[in-house]
Amino acid sequence: MKLVCDRIKNNLLSASFAELNNVIEDSLAELGQILNASQINIDLLEQQAHQYRWMRIEDKKEYPMFDDVNITDLEDRILINGEVADEYKDDVIVDLVFPLRGKNCLIGLAGFHWTAENKMVKEVFDQVEQICQTFALVLARKVKEDRALSDSIQMEKIFMQTIEAFSSIVEISDPYTSGHQSRTGELAKAIAKKMELGYDVEHSVYLASLLHDLGKFYIPAQILNKPGKLTEIEYSLIKTHPSLGHQILKKIDFPWPIAEIVLQHHEKINGSGYPYGLIGKDIMIEAKILCVADVIESISSHRPYRPALGLDSALFEIKEKQGTLYDVDVVDATLELFTKDKFQF
């Protein structure tokens with residue numbers, strides 16, 4: 001009995017956060033078998049997400065283990081057969097309830113129920129009590145880690161909402177490109193995934209895509225929405241938007257090079273792009289991907305100065321200028337994405 005209980009305690013204490021639920025359930029099953037119990041309950045007070053049950057006979061009606069338990073009776077005591085006790089009683093035990101204590105307070109209950117006669121000796125009782133203390137430790141840790149995970153998820157949600165809010169700023173001054181950044185982002189992420197560049201590249205190129213036209217907010221709307229051909233001065237203003245976006249985004253401490261990707265997304269591998277005329281080896285792979293995704297989405301969609309040219313025209317553009325304007329590997333992945341994988345915006 002002691003060896004089995006020691007193994008159960010070690011398994012509980014060494015389990016990772018991701019493994020803990022399964023380890024608790026396995027531990028209850030093993031404990032129920034060696035104790036010949038009918039039911040074991042582990043409940044965290046006011047934590048519906050952390051209630052664990054083991055029953056010897058599945059689908060049998062559950063025994064109401066904690067319905068009549070007065071929490072104040074269990075601060076430092078136990079319940080044996082429904083009666084409060086300060087210590088172990090050498091008797092036939094039908095119901096046994098232990099308090100699960102955290103650092104400063106009662107955090108939950110552990111209950112055991114038998115339908116067959118159960119004469120529990122002191123040594124077994126002590127082992128069960130120690131396991132319950134271990135349950136208290138690991139469940140207190142789980143609550144803390146769950147809270148941290150919940151906070152992290154909430155912060156990620158706020159972060160993405162902030163990115164989306166920034167992204168929507170462009171649509172205020174340039175409604176014709178509504179949805180352009182999000183569609184470009186989906187395509188850029190799919191290209192990065194196709195190229196097997198890993199999560200960080202996929203995520204960073206997606207976020208940069210949502211923000212790549214942020215600098216256009218500073219470009220007069222009459223230029224952005226001009227139906228005819230731009231003058232040289234107007235086009236020069238348009239070409240400032242990567243630098244303007246970079247000036248905004250570089251002030252934010254992203255864990256990815258978002259500002260740099262935005263700065264480079266109009267660079268071409270032969271040095272003919274802007275704002276710096278970088279050549280292939282000096283351009284980030286994320287910017288090369290965003291450049292191609294941006295071109296595909298722009299040509300495929302309606303613009304004030306022309307109707308939508310369609311996907312075929314967009315694919316012809318990148319294929320014809322593959323290795324000149326656009327990175328060879330990025331174009332290959334993009335073409336396969338549309339022709340073989342049937343990607344759709």
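When Lys142 is evaluated against the numbered criteria (1) more than 26 Å from the chain's Cα centre (by Cα); (2) part of a helix (DSSP H, G or I), which criterion, by number, is the only one it fails? It is condition (1) that Lys142 fails.
Checked against the criterion of being over 15 Å from Ile261 (Cα atoms), in the same structural domain as Ile289 (by TED's automatic domain parsing) and in contact with a Pro (Cβ under 9 Å, 6 or more places away or on another chain), the candidates Lys239, Lys194, Lys229 yield just one match: Lys239.
Could you tell me whether any residue of region 247-261 is over 36 Å from the mean Cα position of the chain (by Cα) and within 26 Å of Glu286 (Cβ to Cβ)? No. In the set (1) farther than 20 Å from Ile296 by Cβ; (2) modelled with pLDDT of 90 or more, the condition left unmet by Pro227 is number (2). Give me the pairs: first residue in region 115-127 and in the same structural domain as Lys89 (by TED's automatic domain parsing) and among the basic types (Lys, Arg), second residue at pLDDT below 85 and surrounded by 14 or more Cβ atoms within 10 Å (Cβ to Cβ), beta-carbon distance under 9 Å, and six or more apart or on different chains, which are they? Pairs that qualify, where the first residue is in the same structural domain as Lys89 (by TED's automatic domain parsing) and among the basic types (Lys, Arg) and the partner is at pLDDT below 85 and surrounded by 14 or more Cβ atoms within 10 Å (Cβ to Cβ), are Lys122/Tyr88. Of the residues making up region 299-327, those that are outside any loop (DSSP other than H, G, I, E, B), touching a residue at least 12 places away in the same chain (Cβ under 8 Å) and not hydroxyl-bearing (Ser, Thr, Tyr) are Ile299, Arg303, Leu311, Ala314, Leu315, Glu317, Ile318, Lys319.
Each residue in region 95-123 was checked for being among the β-branched types (Val, Ile, Thr) and modelled with pLDDT of 90 or more, and 1 pass. Candidates in region 107-134 are the residues that are touching a Ser or Thr at 6+ places or on another chain (Cβ under 8 Å) and of a type outside the set (Val, Ile, Thr); of these, the one that is surrounded by the most Cβ atoms within 10 Å (Cβ to Cβ) is His113.
Can you tell me how many residues within region 5-16 are loosely packed, with under 14 Cβ neighbours inside 10 Å and among the hydrophobic types (A, V, I, L, M, F, W, C)? Looking only at that region, the number is 1.
Of the candidates Glu123, Glu145, Glu129, the single residue that is closer than 26 Å to Asn11 by Cβ, acidic (Asp, Glu) and touching a strand residue (DSSP E or B) at 6+ places or on another chain (Cβ under 7 Å) is Glu129.
Of everything in region 147-189 that is among the small types (Gly, Ala, Ser) and within 25 Å of Ile223 (Cβ to Cβ), the residue that is modelled with the highest pLDDT is Gly185.
Being in a helix (DSSP H, G or I) and either modelled with pLDDT of 85 or more or in contact with a Lys or Arg (Cβ under 8 Å, 6 or more places away or on another chain) (or both) is a description that applies to Asp126. Does any residue in region 41-55 that is over 17 Å from Ser27 (Cα atoms) and of a type outside the set (Val, Ile, Thr) come within less than 9 Å, Cβ to Cβ, of a residue that is loosely packed, with under 14 Cβ neighbours inside 10 Å and at pLDDT below 90 six or more places away or on a different chain, and which pairs are these? Taking only residues 6 or more apart or on different chains, the pairs are Leu45/Ile71. The residue that is surrounded by the most Cβ atoms within 10 Å (Cβ to Cβ), among those in region 218-258 that are of a type in the set (Phe, Trp, Tyr) and more than 23 Å from Leu187 (Cα to Cα), is Tyr218. Considering the conditions (1) surrounded by 16 or more Cβ atoms within 10 Å (Cβ to Cβ); (2) without any contact (Cβ under 8 Å) to a residue 60 or more places away in the chain, Val330 is excluded by exactly one of them, (2). Looking at region 187-298, the helices (runs of 4 or more DSSP H) lying wholly inside it that each contain 3 or more residues that are farther than 21 Å from Val330 by Cβ and touching a residue at least 24 places away in the same chain (Cβ under 8 Å) sit at 241-249.
The values are calculated or read from the model by the stated rules, or taken from the named source; none is laboratory data. All of these numbers come straight from a predicted model, not from anything done at the bench. So basically every Cβ, Gly included, is an ideal-geometry build from the backbone, and we count neighbours across all protein chains shown.
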